[in-house]
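The values are calculated or read from the model by the stated rules, or taken from the named source; none is laboratory data. If you're wondering where the values come from, they're calculated on a predicted model, not measured in any experiment. Methodologically, a virtual Cβ is constructed for each residue, glycine included, from the backbone with ideal geometry; neighbour enumeration extends over all protein chains shown. Ligands, DNA and RNA are stripped out before the accessible areas are found, and what is left, the full protein with its side chains, is counted by its heavy atoms. Shrake-Rupley method; radii C 1.70, N 1.55, O 1.52, S 1.80 Å.
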Amino acid sequence: MKAIILAGGVGERFWPLSTDSLPKQFLKLFGKKSLIRETFERLAYRLKPKDIYVVTNARYINKTKEELPEIPSGNILGEPEKKNTAPACVLGTLCVEDDNEIIFIVPADHYIPDVETFWEKVDRASVFLEKNEGIVTFGIFPTRPETGYGYIEVESKYVKNEKSNVVPVRKFKEKPDFETAKKYLEKGNYFWNSGMFMWKKKYFIDQMKKHSPEVIEPFEGNKNIEEIYKRVPSISIDYALMEKADRIYTIPSNFVWSDVGNWLSLKELKVKSSDSVVALDCENVFVKSTKPVVVIGMKNIVVVESEHGILVSTDEGVQKIREAVKKMKEI
Ligand code: GDD
Ligand code: MG
């Protein structure tokens with residue numbers, strides 16, 4: 001098996017910690033290690049570093065090498081432009097020589113603390129793909145009608161945490177609207193898509209040629225990455241392939257999982273505020289700061305300080321950080 005880490009994120013939602021030169025995957029949100037380092041170690045628990053690849057923007061190659069010195073430098077693939085995940089999946093998959101190789105696509109910036117359970121599911125997926133054709137996804141039990149995720153529809157209602165194997169997928173729907181997501185949750189036969197995928201090289205290439213030829217065609221017979229990326233459309237793998245693929249399966253995955261979307265995700269995961277914080281008459285306040293901070297009489301807020309600035313926001317306001325960062329750049 002070869003693993004491909006997708007590390008193209010910008011992570012504006014983690015301002016003032018994340019910036020253009022330090023996107024989300026490089027942040028140390030859960031302790032001493034960056035998210036990409038934690039992702040690498042989760043994979044290296046069972047894989048050799050030479051079997052782990054990273055697809056990232058060309059400008060982050062050096063930083064990625066610093067974070068992951070064990071990986072051969074030829075395995076760190078640079079993209080000249082940000083074209084979303086479909087081209088990144090193609091670039092990574094084409095680097096693997098053997099048509100029958102199993103490829104495991106993994107986002108660089110997710111939180112999955114339980115390595116054992118994670119690998120139990122990953123092993124199950126790869127054993128399945130040795131004998132069957134298709135794409136395997138990892139289904140997370142949904143807890144709210146989140147519109148930022150893909151949904152995986154299976155044949156019948158399931159019982160949460162029941163011991164189950166690989167399940168055929170009826171339909172994959174990327175980022176439905178709120179009303180649709182609510183219906184999915186009521187129906188009870190939908191999982192969240194975790195954003196990790198497994199396929200054999202040949203099946204993936206064939207499916208891309210069939211369902212999204214415009215994404216794979218620029219790569220054919222051309223080794224000039226600048227030219228390829230000029231021509232290739234910007235599209236995620238979820239729209240380019242997952243909504244159209246012939247055979248999809250899912251493994252209900254009961255490990256703790258978060259895609260760490262914004263500062264509120266840290267609250268949800270019960271990450272503690274920094275040490276030097278005094279909160280008096282406060283409720284549900286999260287503070288991340290290198291300096292001492294005093295908060296008095298506040299409720300449901302987030303305070304983050306870094307060398308790049310200070311964020312003070314209500315929980316709801318956190319959704320607007322992108323907008324605020326854009327305005328900040330105009331000042
Ligand atoms: N190399 C590279 N190039 N990586 C990229 C690019 C790119 O242009 N764009 C995004 N990525 C990386 C991100 O860094 C992240 O690790 C991963 O690919 C997923 O991209 P996101 O942009 O975060 O996707 P999303 O969160 O909107 O949606 C995906 O993930 C959800 C779960 O977190 C989808 O797969 C959803 O269906 C899924 O539910
Ligand atoms: Mg994401």
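Can you put 147, 93 in order of accessible area, largest first, using a 1.4 Å probe?
147, 93
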Cross-link partners of residue 223 among lysines (Cα-Cα below 26 Å; sequence separation of 8 or more within a chain) | 2, 50, 63, 65, 82, 83, 200, 201, 202, 209, 210
If you put +1 on each Lys and Arg Cβ and -1 on each Asp and Glu Cβ, how big is the dipole of the chain around its Cα centre, in Debye rounded to 20?
-> 220 debye
Residue order for 211, 110, 308 - accessible surface, 1.4 angstrom probe, largest first | 308, 211, 110
Residues of the chain: accessible area per residue at 1.4 Å, in Å²?
-> 49 Å²
Return the long-range amide H neighbours of residue 4 (sequence gap of 5 or more, or a different chain), with a cut-off of under 5 Å between placed amide H atoms.
-> 53, 104, 105, 106
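For every other residue with a beta carbon closer than 15 angstrom to the beta carbon of residue 229, add +1 if it is Lys or Arg and -1 if Asp or Glu, then tell me the sum.
Net of charged neighbours comes to -1.
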Just the number, please: carbon plus sulfur as a percent of the accessible area of region 151-284, 1.4 Å probe, no ligands or DNA/RNA counted.
-> 49 percent
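Sort the following peptides by mean Cβ neighbour count (other Cβ atoms within 10 Å, averaged over residues), highest first: 112-118, 187-193.
187-193, 112-118
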Using just the helices of the chain, give the 222 nm mean residue ellipticity in deg cm²/dmol: DSSP H runs with n ≥ 4 each add -39,500 (n - 2.57), and the total is spread over all residues, rounded to 500.
-> -8000 deg cm²/dmol
1/(1 + (r/R0)^6) with r = Cβ-Cβ of residue 225 and residue 299, R0 = 56 Å, i.e. FRET efficiency to nearest 0.05, evaluates to 0.65
The chain - Rg and Dmax from Cα coordinates, angstrom | 20.3, 65
How far is it, in nm, from the label point at residue 275 to the one at residue 328 when both lie 7 Å from their Cα along the line to the Cβ?
-> 2.6 nm
With label points built 7 Å along Cα→Cβ from the Cα atoms of residue 82 and residue 50, find their separation and express it in nm.
-> 3.5 nm
Accessible surface, 1.4 Å probe, highest first, among residues 330, 146 = 330, 146
Simple spin-label estimate for residue 234 and residue 290 in nanometres, 7 Å along Cα-Cβ | 3.2 nm
What FRET efficiency comes out for the pair residue 217/residue 97, r = Cβ-Cβ distance, R0 = 22 Å, nearest 0.05?
-> 0.55
